[in-house]
Amino acid sequence: MFSRVYAHLSFLIAANLYSANAGLLAVRDDPVCIRSYTVVSGDTCDAISAAQNTSTFQLAHNNPTVGTDCSGLQPGQVLCLGFEGQDCSTVQVVVAGDSCSKIATSANVPLATLLANNPNVNAACTNIYVGEVLCTASTVIDYA
């Protein structure tokens, strides 16, 4: 009789451990936010990006409710600035007269890397604007 009780308890413990471990593994698939910022009145996406060293693209990408045009930004909203393994904190603010080539040269990164890290910028670099914050990391960030 004791052997049956012991066997049943062993099975229940093993099942619970398996279930607990399976739950932990599922959580690890979710991205982990490693930097955050709470929006205050008067903030803009570009100002937050410049002050917090994150690209304008990354800010919008990590916070879909904000929108690519930043229209969803709300005071009190907590934003994720960077996910583990997907965080570009090396940035440059676009100023008048900048081009992608000029930015890439000043950051000492290949133009292809600059464009890969800023997928919102078109290949001809005709859609950057003054105040936009671009990722100038030397390695390509995987935003997938």
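Summary table
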read-out	value
Integer Hz, Karplus 6.51/-1.76/1.60 couplings in order for the stretch 72-80, x for Gly and Pro	x, 6, 10, x, x, 5, 9, 9, 8
Residues whose placed amide H lies under 5 Å from that of VAL91, excluding near-sequence neighbours	THR136
Local electrostatic count at ILE128 - Lys and Arg +1, Asp and Glu -1, tallied over other residues with Cβ under 14 Å	-2
Residues whose placed amide H lies under 5 Å from that of ARG35, excluding near-sequence neighbours	LEU81, GLY82
Estimated distance in nm for a label pair at THR44 and SER71, the labels positioned 7 Å out from Cα along Cα-to-Cβ	1.7 nm
Segment ALA112-TYR129, extension gain: residue separation times 0.36 nm, minus the distance between their alpha carbons	4.2 nm
Full-stretch length increase - ALA144, VAL32 - with 0.36 nm per residue and alpha-carbon distance subtracted	39.0 nm
Phi-based couplings in Hz for the stretch 90-104 (Karplus 6.51, -1.76, 1.60; Gly and Pro marked x)	9, 9, 9, 8, 5, 10, 3, x, 6, 9, 4, 4, 5, 5, 4
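Each value in this text was obtained by applying a stated rule to the coordinates, not by laboratory testing. Bear in mind that the values here come from a model prediction, so they are computed numbers and not experimental data. Methodologically, a virtual Cβ is constructed for each residue, glycine included, from the backbone with ideal geometry; neighbour enumeration extends over all protein chains shown.
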